[in-house]
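The values are calculated or read from the model by the stated rules, or taken from the named source; none is laboratory data. Quick caveat, the model's predicted, so the values are computed rather than measured. Glycine gets a Cβ as well: all are built from the backbone with ideal geometry, and neighbour counts include every protein chain shown. These area figures cover heavy atoms from the full protein model, side chains too; ligands, DNA and RNA do not enter into them. Shrake-Rupley method; radii C 1.70, N 1.55, O 1.52, S 1.80 Å.
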Amino acid sequence: MTATQTLHRIPARPWRWLAWLALSQALVALLWWQLGWKTGVPLMLASHVLFVLPVFLPNSRFYAPVLSRLPHGDDRVWLTIDDGPSDDTRPMLDLLERYDACATFFVVGERAAARPELVREVLQRGHSLGNHSHSHPQARFWALGPAQLAREIGQCQHALAQITGAAPRWYRSVVGMTNPFVAAVLQRHGLTRVGWSARGFDGVDCQPQAVVERIAADLAPGAIVLLHEGAAHGHNLVILEAVLQQLQTRGLRAQAPG
């Protein structure tokens, strides 16, 4: 198996969780019947929690495979930048060029369609693209039904293919949430879900120093770093440069996988 094949973890059994759900509920029903409702009700609630919790754990593999670290032993780190394109895109590309670094931009389909020239420039300057949904429904992505989720991912794939001539191979869920129906869509489009191992919470109101300190604590060979662009706080460029300086100091290379 090649290194590329180990990276591209396309879901092979997208509905395997249904068997676990059916089995768990049959077991709860059996115990309820044998032990009564005082035992059955807590067991039912606990069984539901077990299926809801993985939705909100960004690196959980319960519903779909996820790449949360690069499986190589060299000095590479993968910089990933979410939520573009934005006014930050071109300055970020300049920063990456200055530090001889490569990144993957996980873009939102609607924003890409509105600024196709920035999407094309990302590729022209040696970086790669990922699917980050079409409209970025942050508050309700976790609860989307199969048809809505398929539209979010499929429309983004279509938009990026129209702009660049090729659909991306990487996908990141909105806020990292793993909707139970996502694996079937990823399988259909040949997408690999990407998580992270280092994050600083730079997508919300933040102080750059605190963000960089949180990321630096997890910077190591093979790390996947989560960054954002276009946030309202306006610090994303400062944060990116500080992270690039950290990589330089530690002798780590920012290189996006193929």
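Among rounded, prolate and oblate, which fits region 27-107 when a ≥ b ≥ c are the square roots of the eigenvalues of its C-alpha gyration tensor, a/c under 1.5 means rounded, and a/b larger than b/c means prolate? Since a/c reaches 1.5 and a/b is larger than b/c, the shape of region 27-107 is classed as prolate. With N the number of residues in the chain, Rg(Cα) / (2.2 N^0.38 Å) evaluates to 1.09.
Beta bridges from DSSP with both residues in the chain: antiparallel share about 5 percent, rounded to the nearest 5. For Glu213, the solvent-accessible surface computed with a 1.4 Å probe is close to 110 Å², ligands and nucleic acids excluded.
At what distance in angstrom do the alpha carbon centres of region 168-217 and region 123-144 lie from each other? Cα centres, region 168-217 to region 123-144: 9 Å.
For Asp83, the amide hydrogen comes within under 5 Å of the amide hydrogens of Phe106, Val108, counting only partners 5 or more places away or on other chains and with H modelled in the peptide plane.
Over region 142-220, accessible surface divided per residue gives 41 Å², non-protein components excluded, 1.4 Å probe.
Calculate, for Thr39 and Arg151, the FRET efficiency according to 1/(1 + (r/R0)^6) with r their C-beta to C-beta distance and R0 45 Å; round to the nearest 0.05. About 0.60, to the nearest 0.05. Counting only protein heavy atoms, what percent of the accessible surface of the chain is carbon or sulfur at a 1.4 Å probe? The nonpolar share, carbon plus sulfur, comes to 58 percent.
To the nearest 10, the accessible area of Ile10 is 70 Å² with a 1.4 Å probe. Taking a ≥ b ≥ c as the square roots of the eigenvalues of the alpha carbon gyration tensor, region 185-258 is oblate, as a/c is not under 1.5 and a/b does not beat b/c.
Over region 129-258, the fraction of Cα-Cα pairs per 10 Å bin, rounded to whole percents and listed from the shortest bin up, is 12, 36, 34, 17, 1. Working note: Cα gyration tensor of region 51-156, eigenvalues times five, square-rooted, sorted largest first, giving semi-axes of 26, 20, 10 Å. Computing FRET efficiency as 1/(1 + (r/R0)^6) for Ala184 and Arg125, where r is the C-beta to C-beta distance and R0 is 35 Å, gives about 0.55. Residues in region 231-245 carry Karplus couplings, in order, of 5, 5, 6, x, 9, 4, 5, 4, 5, 4, 5, 5, 5, 4, 5 Hz; the curve used is 6.51 cos²θ - 1.76 cosθ + 1.60 with θ = phi - 60°, and Gly or Pro positions show x.
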